[in-house]
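Have a look at the structure below, then the notes.
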Amino acid sequence: MQLRYSFRVYPTAGQRAALARAFGCARVVYNDALRAREDARAAGLPFPRVGDLSKALITGAKKTPQRAWLGEVSAVVLQQSLRDLEAAYRNFFDGLKGRRPRMGVPRFKSRKDTRQAVRFTANARWSITPGGKLSLPKIGDLAVKWSRTLPSTPSTVAVVKDSAGRYSASFTIETDPAADLARMPDTDRTIGIDLGLGHFAVLSDGTKIDSPRFLRRAENTRLIRDNQAIAVEDLAVKALARTRMAKSVHDAGWSAFVAMLEYKAARYGRRFVRIGRFEPTSQVCSHCGVKDGPKPLDVRAWTCGACGTVLDRDINAAVNVAKAAGLAVTACRAQVRRAPVPAPRSEAGTHPKRPTQPVREQAGIPSP
(Lines give C-alpha, C1' and ligand atoms only; values in the text may rest on other atoms or scores of the structure.)
Protein backbone atom coordinates (compact mmCIF):
# COMPACT_ATOMS: atom_id res chain seq x y z
CA MET A 1 0.00 0.00 0.00
CA GLN A 2 1.16 3.53 -0.75
CA LEU A 3 0.59 6.40 1.69
CA ARG A 4 1.21 10.07 0.96
CA TYR A 5 2.47 12.67 3.42
CA SER A 6 2.36 16.31 2.35
CA PHE A 7 4.25 19.23 3.88
CA ARG A 8 4.54 22.91 3.00
CA VAL A 9 7.87 23.98 1.52
CA TYR A 10 9.21 27.52 1.21
CA PRO A 11 11.60 27.93 -1.76
CA THR A 12 13.77 31.01 -2.15
CA ALA A 13 13.43 33.28 -5.19
CA GLY A 14 16.17 31.36 -7.01
CA GLN A 15 14.61 28.02 -6.13
CA ARG A 16 11.21 29.21 -7.36
CA ALA A 17 12.82 30.05 -10.69
CA ALA A 18 14.44 26.60 -10.82
CA LEU A 19 11.13 24.94 -10.02
CA ALA A 20 9.45 26.99 -12.76
CA ARG A 21 12.00 25.63 -15.25
CA ALA A 22 11.35 22.10 -14.03
CA PHE A 23 7.57 22.55 -14.33
CA GLY A 24 7.96 23.94 -17.84
CA CYS A 25 10.35 21.26 -19.10
CA ALA A 26 8.17 18.46 -17.69
CA ARG A 27 5.13 20.03 -19.35
CA VAL A 28 6.87 20.31 -22.74
CA VAL A 29 8.00 16.66 -22.68
CA TYR A 30 4.50 15.56 -21.69
CA ASN A 31 2.92 17.55 -24.52
CA ASP A 32 5.52 16.35 -27.06
CA ALA A 33 4.82 12.74 -26.09
CA LEU A 34 1.06 13.27 -26.25
CA ARG A 35 1.39 14.81 -29.71
CA ALA A 36 3.55 11.89 -30.88
CA ARG A 37 0.98 9.38 -29.68
CA GLU A 38 -1.94 11.23 -31.20
CA ASP A 39 -0.10 11.52 -34.53
CA ALA A 40 0.52 7.76 -34.44
CA ARG A 41 -3.14 7.10 -33.68
CA ALA A 42 -4.28 9.34 -36.55
CA ALA A 43 -1.94 7.51 -38.93
CA GLY A 44 -3.21 4.11 -37.78
CA LEU A 45 0.15 3.18 -36.26
CA PRO A 46 0.85 1.53 -32.88
CA PHE A 47 1.47 3.87 -29.96
CA PRO A 48 5.21 4.55 -29.50
CA ARG A 49 6.66 2.96 -26.38
CA VAL A 50 7.94 4.94 -23.42
CA GLY A 51 11.52 3.91 -24.17
CA ASP A 52 11.29 5.15 -27.75
CA LEU A 53 9.70 8.40 -26.62
CA SER A 54 12.45 8.89 -24.05
CA LYS A 55 15.18 8.50 -26.66
CA ALA A 56 13.51 10.85 -29.11
CA LEU A 57 11.96 13.49 -26.85
CA ILE A 58 14.54 13.67 -24.06
CA THR A 59 17.94 12.25 -25.01
CA GLY A 60 17.74 13.26 -28.66
CA ALA A 61 15.91 16.52 -28.07
CA LYS A 62 18.62 17.82 -25.71
CA LYS A 63 21.05 17.76 -28.66
CA THR A 64 18.90 20.09 -30.76
CA PRO A 65 18.90 23.91 -30.49
CA GLN A 66 15.10 23.92 -30.02
CA ARG A 67 15.17 21.70 -26.91
CA ALA A 68 18.71 22.13 -25.55
CA TRP A 69 17.30 23.76 -22.39
CA LEU A 70 15.86 20.41 -21.32
CA GLY A 71 19.33 19.70 -19.95
CA GLU A 72 18.85 22.39 -17.29
CA VAL A 73 16.61 20.14 -15.19
CA SER A 74 16.93 16.66 -13.74
CA ALA A 75 16.43 13.92 -16.34
CA VAL A 76 14.35 11.98 -13.78
CA VAL A 77 11.72 14.75 -13.80
CA LEU A 78 11.38 14.40 -17.58
CA GLN A 79 11.22 10.60 -17.40
CA GLN A 80 8.47 10.79 -14.77
CA SER A 81 6.51 13.12 -17.05
CA LEU A 82 6.45 10.35 -19.66
CA ARG A 83 5.33 7.90 -16.97
CA ASP A 84 2.50 10.24 -16.04
CA LEU A 85 1.28 10.25 -19.65
CA GLU A 86 1.53 6.46 -19.76
CA ALA A 87 -0.61 6.24 -16.61
CA ALA A 88 -3.14 8.71 -18.05
CA TYR A 89 -3.63 6.56 -21.16
CA ARG A 90 -3.82 3.37 -19.09
CA ASN A 91 -6.52 4.86 -16.86
CA PHE A 92 -8.42 6.09 -19.92
CA PHE A 93 -8.45 2.68 -21.61
CA ASP A 94 -9.23 0.86 -18.34
CA GLY A 95 -12.24 3.14 -17.97
CA LEU A 96 -13.44 2.22 -21.46
CA LYS A 97 -13.14 -1.47 -20.55
CA GLY A 98 -15.06 -1.03 -17.31
CA ARG A 99 -12.11 -1.81 -15.06
CA ARG A 100 -12.36 1.55 -13.28
CA PRO A 101 -14.50 4.71 -13.40
CA ARG A 102 -14.34 6.34 -16.81
CA MET A 103 -11.65 8.97 -17.25
CA GLY A 104 -11.28 11.68 -19.85
CA VAL A 105 -8.84 11.32 -22.74
CA PRO A 106 -5.36 12.71 -21.88
CA ARG A 107 -5.15 16.41 -22.74
CA PHE A 108 -2.32 18.84 -23.40
CA LYS A 109 -1.01 20.69 -20.37
CA SER A 110 -0.87 24.48 -20.17
CA ARG A 111 1.37 26.85 -18.26
CA LYS A 112 -1.90 28.41 -17.05
CA ASP A 113 -3.03 25.20 -15.33
CA THR A 114 -3.84 25.83 -11.68
CA ARG A 115 -1.62 22.97 -10.54
CA GLN A 116 1.99 22.39 -11.56
CA ALA A 117 4.00 19.41 -10.31
CA VAL A 118 7.23 17.48 -10.82
CA ARG A 119 8.19 14.15 -9.29
CA PHE A 120 11.58 12.80 -8.19
CA THR A 121 12.27 9.09 -7.67
CA ALA A 122 15.22 7.56 -5.82
CA ASN A 123 17.21 7.62 -9.08
CA ALA A 124 17.28 11.42 -8.83
CA ARG A 125 19.31 11.11 -5.61
CA TRP A 126 17.18 13.56 -3.67
CA SER A 127 17.54 13.53 0.09
CA ILE A 128 16.51 15.04 3.41
CA THR A 129 19.47 16.87 4.90
CA PRO A 130 20.53 16.58 8.57
CA GLY A 131 19.11 20.05 9.02
CA GLY A 132 15.67 18.91 7.84
CA LYS A 133 15.70 20.46 4.37
CA LEU A 134 14.62 18.75 1.16
CA SER A 135 17.57 18.57 -1.22
CA LEU A 136 16.54 18.29 -4.89
CA PRO A 137 18.91 18.02 -7.88
CA LYS A 138 19.34 21.25 -9.86
CA ILE A 139 16.95 23.04 -7.49
CA GLY A 140 18.66 23.17 -4.11
CA ASP A 141 17.76 22.66 -0.46
CA LEU A 142 14.14 23.60 0.22
CA ALA A 143 12.94 24.65 3.67
CA VAL A 144 10.20 22.27 4.86
CA LYS A 145 7.63 22.78 7.60
CA TRP A 146 7.52 19.32 9.17
CA SER A 147 4.18 18.78 10.91
CA ARG A 148 4.86 15.12 11.71
CA THR A 149 7.56 12.48 11.35
CA LEU A 150 7.75 10.26 8.28
CA PRO A 151 7.22 6.62 9.36
CA SER A 152 9.81 5.27 6.93
CA THR A 153 12.06 6.29 4.04
CA PRO A 154 9.98 7.69 1.14
CA SER A 155 10.33 6.18 -2.32
CA THR A 156 9.40 9.34 -4.24
CA VAL A 157 8.71 13.00 -3.62
CA ALA A 158 6.62 15.37 -5.74
CA VAL A 159 6.84 19.14 -5.51
CA VAL A 160 3.50 20.80 -6.21
CA LYS A 161 2.56 24.43 -6.81
CA ASP A 162 -1.13 25.22 -6.36
CA SER A 163 -3.28 28.00 -7.79
CA ALA A 164 -2.50 30.24 -4.81
CA GLY A 165 1.23 30.02 -5.45
CA ARG A 166 1.89 27.77 -2.46
CA TYR A 167 4.44 24.97 -2.67
CA SER A 168 4.25 21.57 -1.01
CA ALA A 169 6.25 18.36 -1.00
CA SER A 170 4.28 15.11 -1.23
CA PHE A 171 6.23 12.03 -0.06
CA THR A 172 5.17 8.52 -1.07
CA ILE A 173 5.69 5.83 1.56
CA GLU A 174 5.49 2.12 0.77
CA THR A 175 3.92 0.22 3.67
CA ASP A 176 2.80 -3.34 4.37
CA PRO A 177 -0.79 -3.40 5.73
CA ALA A 178 -0.01 -6.59 7.66
CA ALA A 179 2.54 -4.68 9.72
CA ASP A 180 -0.21 -2.42 11.09
CA LEU A 181 -2.64 -5.15 12.09
CA ALA A 182 -1.25 -5.45 15.62
CA ARG A 183 -2.31 -1.85 16.28
CA MET A 184 -5.97 -2.72 15.80
CA PRO A 185 -7.29 -5.98 17.32
CA ASP A 186 -10.13 -7.97 15.79
CA THR A 187 -13.70 -7.29 16.86
CA ASP A 188 -16.96 -9.17 16.35
CA ARG A 189 -18.91 -6.02 15.45
CA THR A 190 -20.02 -5.03 11.96
CA ILE A 191 -21.70 -1.84 10.76
CA GLY A 192 -23.83 -0.57 7.87
CA ILE A 193 -23.71 3.07 6.77
CA ASP A 194 -26.39 5.09 5.00
CA LEU A 195 -25.15 8.41 3.56
CA GLY A 196 -27.43 11.42 3.28
CA LEU A 197 -27.76 15.18 3.38
CA GLY A 198 -29.87 15.64 6.51
CA HIS A 199 -27.19 13.74 8.39
CA PHE A 200 -23.88 13.05 6.75
CA ALA A 201 -24.01 9.37 7.74
CA VAL A 202 -26.43 7.19 9.70
CA LEU A 203 -25.09 3.93 11.17
CA SER A 204 -27.02 0.73 11.62
CA ASP A 205 -26.55 0.98 15.41
CA GLY A 206 -28.59 4.19 15.44
CA THR A 207 -25.72 6.69 15.50
CA LYS A 208 -26.24 9.82 13.38
CA ILE A 209 -23.22 11.84 12.25
CA ASP A 210 -23.60 15.49 11.27
CA SER A 211 -21.80 16.89 8.24
CA PRO A 212 -19.53 19.70 9.55
CA ARG A 213 -15.82 18.82 9.78
CA PHE A 214 -16.44 15.13 9.14
CA LEU A 215 -13.06 14.65 7.53
CA ARG A 216 -11.30 15.94 10.65
CA ARG A 217 -13.21 13.47 12.79
CA ALA A 218 -12.66 10.66 10.31
CA GLU A 219 -8.86 11.01 10.52
CA ASN A 220 -9.05 8.89 13.69
CA THR A 221 -11.75 6.75 12.10
CA ARG A 222 -13.48 4.87 14.96
CA LEU A 223 -15.63 3.12 12.34
CA ILE A 224 -12.53 1.17 11.35
CA ARG A 225 -11.32 0.64 14.90
CA ASP A 226 -14.60 -0.63 16.34
CA ASN A 227 -15.87 -2.79 13.46
CA GLN A 228 -14.46 -5.81 11.67
CA ALA A 229 -16.55 -5.15 8.53
CA ILE A 230 -18.02 -1.99 7.02
CA ALA A 231 -20.61 -1.77 4.24
CA VAL A 232 -21.60 1.35 2.26
CA GLU A 233 -23.70 2.06 -0.80
CA ASP A 234 -22.03 2.61 -4.17
CA LEU A 235 -23.62 6.02 -4.69
CA ALA A 236 -24.16 7.65 -8.08
CA VAL A 237 -22.43 10.84 -6.93
CA LYS A 238 -21.77 12.13 -10.45
CA ALA A 239 -25.43 11.73 -11.41
CA LEU A 240 -26.62 13.45 -8.25
CA ALA A 241 -24.13 16.28 -8.81
CA ARG A 242 -25.97 17.11 -12.03
CA THR A 243 -29.25 17.72 -10.20
CA ARG A 244 -30.47 20.77 -8.28
CA MET A 245 -28.78 19.28 -5.20
CA ALA A 246 -25.29 19.57 -6.73
CA LYS A 247 -23.91 21.97 -4.13
CA SER A 248 -25.19 19.90 -1.23
CA VAL A 249 -23.83 16.71 -2.77
CA HIS A 250 -20.35 18.14 -3.28
CA ASP A 251 -20.37 19.82 0.13
CA ALA A 252 -21.18 16.54 1.86
CA GLY A 253 -17.99 14.98 0.48
CA TRP A 254 -19.26 11.41 0.27
CA SER A 255 -16.61 10.27 -2.21
CA ALA A 256 -13.73 11.45 -0.04
CA PHE A 257 -15.25 9.83 3.04
CA VAL A 258 -15.84 6.46 1.35
CA ALA A 259 -12.35 6.51 -0.18
CA MET A 260 -10.87 7.17 3.26
CA LEU A 261 -12.85 4.32 4.78
CA GLU A 262 -11.74 1.97 2.01
CA TYR A 263 -8.03 2.62 2.30
CA LYS A 264 -8.07 2.56 6.11
CA ALA A 265 -9.94 -0.76 6.03
CA ALA A 266 -7.29 -2.21 3.71
CA ARG A 267 -4.50 -0.86 5.89
CA TYR A 268 -5.84 -2.24 9.16
CA GLY A 269 -7.17 -5.58 7.96
CA ARG A 270 -10.88 -4.76 8.02
CA ARG A 271 -13.45 -5.94 5.48
CA PHE A 272 -14.91 -3.20 3.28
CA VAL A 273 -17.96 -3.91 1.07
CA ARG A 274 -19.79 -1.75 -1.47
CA ILE A 275 -23.36 -2.70 -2.34
CA GLY A 276 -25.15 -1.89 -5.59
CA ARG A 277 -26.64 1.58 -5.86
CA PHE A 278 -30.01 0.15 -6.95
CA GLU A 279 -30.47 -1.93 -3.80
CA PRO A 280 -33.85 -0.79 -2.31
CA THR A 281 -32.43 -0.15 1.15
CA SER A 282 -35.00 2.54 1.99
CA GLN A 283 -37.96 0.46 0.81
CA VAL A 284 -37.43 -2.80 2.70
CA CYS A 285 -38.33 -3.38 6.34
CA SER A 286 -35.11 -4.40 8.12
CA HIS A 287 -37.19 -6.32 10.70
CA CYS A 288 -39.24 -8.67 8.49
CA GLY A 289 -37.73 -8.12 5.02
CA VAL A 290 -40.97 -7.08 3.28
CA LYS A 291 -40.53 -4.50 0.51
CA ASP A 292 -43.04 -1.75 1.21
CA GLY A 293 -42.39 0.39 -1.87
CA PRO A 294 -40.91 3.90 -2.34
CA LYS A 295 -41.83 6.69 0.03
CA PRO A 296 -41.79 10.50 -0.20
CA LEU A 297 -38.48 11.98 0.88
CA ASP A 298 -40.15 13.93 3.69
CA VAL A 299 -41.20 10.66 5.36
CA ARG A 300 -38.41 10.21 7.92
CA ALA A 301 -40.12 7.41 9.86
CA TRP A 302 -42.60 4.81 8.68
CA THR A 303 -44.46 1.78 9.93
CA CYS A 304 -44.13 -1.57 8.16
CA GLY A 305 -47.52 -2.64 6.89
CA ALA A 306 -46.56 -6.32 7.29
CA CYS A 307 -45.09 -6.57 10.80
CA GLY A 308 -46.06 -3.23 12.36
CA THR A 309 -42.50 -2.19 13.22
CA VAL A 310 -41.89 1.57 13.38
CA LEU A 311 -38.70 2.34 11.49
CA ASP A 312 -36.41 5.34 11.30
CA ARG A 313 -35.89 5.74 7.56
CA ASP A 314 -32.12 6.32 7.67
CA ILE A 315 -31.29 3.75 10.33
CA ASN A 316 -33.45 1.17 8.55
CA ALA A 317 -31.51 1.87 5.33
CA ALA A 318 -28.17 1.49 7.15
CA VAL A 319 -29.23 -1.90 8.54
CA ASN A 320 -30.30 -2.99 5.06
CA VAL A 321 -26.96 -1.82 3.64
CA ALA A 322 -25.16 -4.17 6.01
CA LYS A 323 -27.56 -7.05 5.26
CA ALA A 324 -27.24 -6.56 1.50
CA ALA A 325 -23.48 -6.86 1.89
CA GLY A 326 -23.91 -10.20 3.64
CA LEU A 327 -22.99 -8.88 7.08
CA ALA A 328 -24.87 -10.28 10.07
CA VAL A 329 -26.00 -7.20 11.96
CA THR A 330 -28.79 -6.15 14.24
CA ALA A 331 -30.13 -2.68 14.81
CA CYS A 332 -28.31 -2.24 18.12
CA ARG A 333 -29.64 0.80 20.00
CA ALA A 334 -31.49 1.80 16.83
CA GLN A 335 -34.85 3.52 16.93
CA VAL A 336 -36.90 0.48 15.92
CA ARG A 337 -39.96 -0.49 17.97
CA ARG A 338 -43.22 -2.38 17.66
CA ALA A 339 -46.28 -0.24 17.00
CA PRO A 340 -49.63 -1.04 18.66
CA VAL A 341 -51.51 -0.78 15.36
CA PRO A 342 -50.03 -1.03 11.84
CA ALA A 343 -50.31 2.23 9.91
CA PRO A 344 -52.65 2.34 6.90
CA ARG A 345 -51.03 1.51 3.59
CA SER A 346 -51.75 5.01 2.30
CA GLU A 347 -49.49 6.58 4.90
CA ALA A 348 -46.52 4.52 3.81
CA GLY A 349 -47.07 4.91 0.07
CA THR A 350 -46.04 7.66 -2.32
CA HIS A 351 -48.53 10.51 -2.57
CA PRO A 352 -49.81 10.58 -6.18
CA LYS A 353 -49.48 14.37 -6.45
CA ARG A 354 -46.01 14.62 -4.97
CA PRO A 355 -43.14 14.77 -7.51
CA THR A 356 -40.57 12.06 -7.05
CA GLN A 357 -36.82 12.04 -7.64
CA PRO A 358 -35.99 8.71 -9.28
CA VAL A 359 -32.23 9.23 -9.32
CA ARG A 360 -32.10 10.04 -5.64
CA GLU A 361 -34.49 7.25 -4.63
CA GLN A 362 -32.46 4.71 -6.59
CA ALA A 363 -29.36 5.85 -4.77
CA GLY A 364 -31.21 5.54 -1.46
CA ILE A 365 -30.31 9.05 -0.30
CA PRO A 366 -32.76 11.11 1.76
CA SER A 367 -32.93 14.88 1.79
CA PRO A 368 -33.03 17.06 4.91
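The values are calculated or read from the model by the stated rules, or taken from the named source; none is laboratory data. Since we're looking at a predicted model, the values are computed, not measured. Reconstructed Cβ throughout: ideal geometry from the backbone, glycine too, with neighbour counts over all protein chains shown. Ligands, DNA and RNA are stripped out before the accessible areas are found, and what is left, the full protein with its side chains, is counted by its heavy atoms. Shrake-Rupley method; radii C 1.70, N 1.55, O 1.52, S 1.80 Å.
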Residue 126 - accessible surface, heavy atoms, 1.4 Å probe, Å² rounded to 10: 40
Solvent-accessible area per residue for the stretch 258-330 (1.4 angstrom probe, square angstrom): 38
Of all accessible heavy-atom area on the stretch 1-125, the percent that carbon and sulfur account for (1.4 Å): 51
Förster radius 30 Å - calculated FRET efficiency between residue 174 and residue 210, Cβ distance, rounded to 0.05: 0.25
Cβ-Cβ FRET estimate between residue 147 and residue 90, R0 fixed at 41 Å, reported to 0.05: 0.80
Residue 103 accessible area, 1.4 Å probe, all protein chains in place, Å² to nearest 10: 80
Additional length obtainable on full extension of the chain from residue 162 to residue 102, 0.36 nm per residue less Cα span: 19.1 nm
Exposure of residue 128 as accessible area (Å², to 10), given a probe of 1.4 Å and all protein chains: 70
By accessible area with a 1.4 Å probe, ligands and nucleic acids excluded, highest first: order of 38, 233: 38, 233
Per residue accessible area of the stretch 1-106, 1.4 Å probe, in Å²: 55
Two-site FRET efficiency, residue 68 against residue 268, from Cβ-Cβ distance with R₀ of 45 Å, rounded to 0.05: 0.30
Those trypsin sites (Lys or Arg not before Pro) in the stretch 65-158 that DSSP places in a loop and that have at most 12 other beta carbons within 10 Å: 97, 99, 102, 107, 111, 112, 115, 125, 148
